[in-house]
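The values are calculated or read from the model by the stated rules, or taken from the named source; none is laboratory data. The model shown is predicted, which means the values in this text are computed figures rather than measured ones. For neighbour counting, all protein chains shown are included, and Cβ atoms are generated from backbone atoms with ideal geometry for every residue, glycine included.
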Amino acid sequence: MVICFDAGNSDLVAGLFSGDKLVKTCRIDYEKEQTKEQYYALLKESMAAENIDISHISGCLLCCVALDTAEALKAAMEQLFGCVPVIFKNDETCRLDILTEDPYEVGADIIASCMAAKDMLPMPCVVIDMGTASTVTAMDRDANVLGVSIITGVFTSMWALRERTGLPFEENIKAQPKAIGTNTQKSIDSGIILGSAYAIDGLVQAFEEEIGQGECSVIATGGVSQFIIPHCRRKIAVDNNLLLKGLYCYYKNSIM
């Protein structure tokens, strides 16, 4: 089995693969820039809590943008799993041509999701990742990454609205069936939820026009996507494990 880790700002997301099948996912709270020993204890405890038998793990991968954190995590993973982790990099192992002005500034999470989309969907394709920021990425019929649009994430918008306006509202996501809100809470729900959905719709349409290769496949990932995408008028698939699947694609490419 192979285990892939994505180290984000506040948690580690892990995906366990048997063959080409994702058999388990887990989310681990952690702090950046800890020692190897601290990460080793955290990972060992987390694997036990998830009933993952580490003796069955023959390979591992780490995706992490913080260099200090990455080095300590890599060392802890090597000690725990008994194998040298593959480190995800924006390089030729991705087997994607990135046609932006500076390919190396495109985020690892975006590249990994595009790798998975290339394997899963007909091209051209639009890949959406809804997190702290929401990214919308264009891929042409040859699976080249053309570029990205970045918009404010759903919860980021909610927090900013609360901090800047002092409006009292619930910090959760609820469906708002009408765009025209009739009280403060419904108005915020409309703006945050439907506004985000319609922004996605508009960007997908604009991307299709600019790519100029007909209708695109569209897929979304990220924890918020399951709440927003159902309100889009465009048909969009949702796969919350798209990033992990892309990391596993990178792992397979690295050992071939």
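Remarks
- For first residues located in the stretch 33-52 and more than 19 Å from Val65 (Cβ to Cβ), partners that are of a type in the set (Lys, Arg) and lie 6+ apart or on another chain with Cβ distances below 9 Å form the pairs Glu50/Lys24; Asn51/Lys24; Ile52/Lys24.
- Of all residues in the stretch 122-145, those that are surrounded by fewer than 17 Cβ atoms within 10 Å (Cβ to Cβ), in contact with a helix residue (DSSP H, G or I) (Cβ under 9 Å, 6 or more places away or on another chain) and closer than 19 Å to Cys94 by Cα total 2.
- Candidates are the residues of the stretch 146-164 that are in contact (Cβ under 8 Å) with a residue 60 or more places away in the chain and in contact with a strand residue (DSSP E or B) (Cβ under 9 Å, 6 or more places away or on another chain); the one that is surrounded by the fewest Cβ atoms within 10 Å (Cβ to Cβ) is Leu146.
- Restricting the stretch 212-231 to residues that are surrounded by fewer than 21 Cβ atoms within 10 Å (Cβ to Cβ) and at pLDDT 95 or above, the residue that is nearest to the chain's Cα centre (by Cα): Ser217
- Residues in the stretch 102-135 that are outside any helix (DSSP H, G or I), under 24 Å from Gly214 (Cα atoms) and over 13 Å from the mean Cα position of the chain (by Cα): Leu121, Pro122, Met123, Pro124, Cys125, Val126.
- Any hit, the stretch 184-196, residues being over 21 Å from Asn241 (Cα atoms), at pLDDT below 95 and in contact with an Asp or Glu (Cβ under 7 Å, 6 or more places away or on another chain): yes
- Scope the stretch 91-126; condition over 18 Å from Gly15 (Cα atoms) and of a type in the set (D, E, K, R); matching residues: Asp91, Glu92, Arg95, Asp97, Glu101, Asp102, Glu105, Lys118
- Taking (1) at pLDDT below 95; (2) over 18 Å from the mean Cα position of the chain (by Cα) in turn, Cys64 satisfies each apart from (2).
Results for (1) surrounded by 14 or more Cβ atoms within 10 Å (Cβ to Cβ); (2) among the aliphatic types (A, V, I, L, M), shown as yes or no for each residue.
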position	(1), (2)
Asp6	yes, no
Gly19	no, no
Ile57	yes, yes
Leu62	yes, yes
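- Wholly within the stretch 2-96, strands (runs of 3 or more DSSP E) carrying at least 2 residues that are farther than 24 Å from Gly131 by Cα and of a type outside the set (A, V, I, L, M): 59-64
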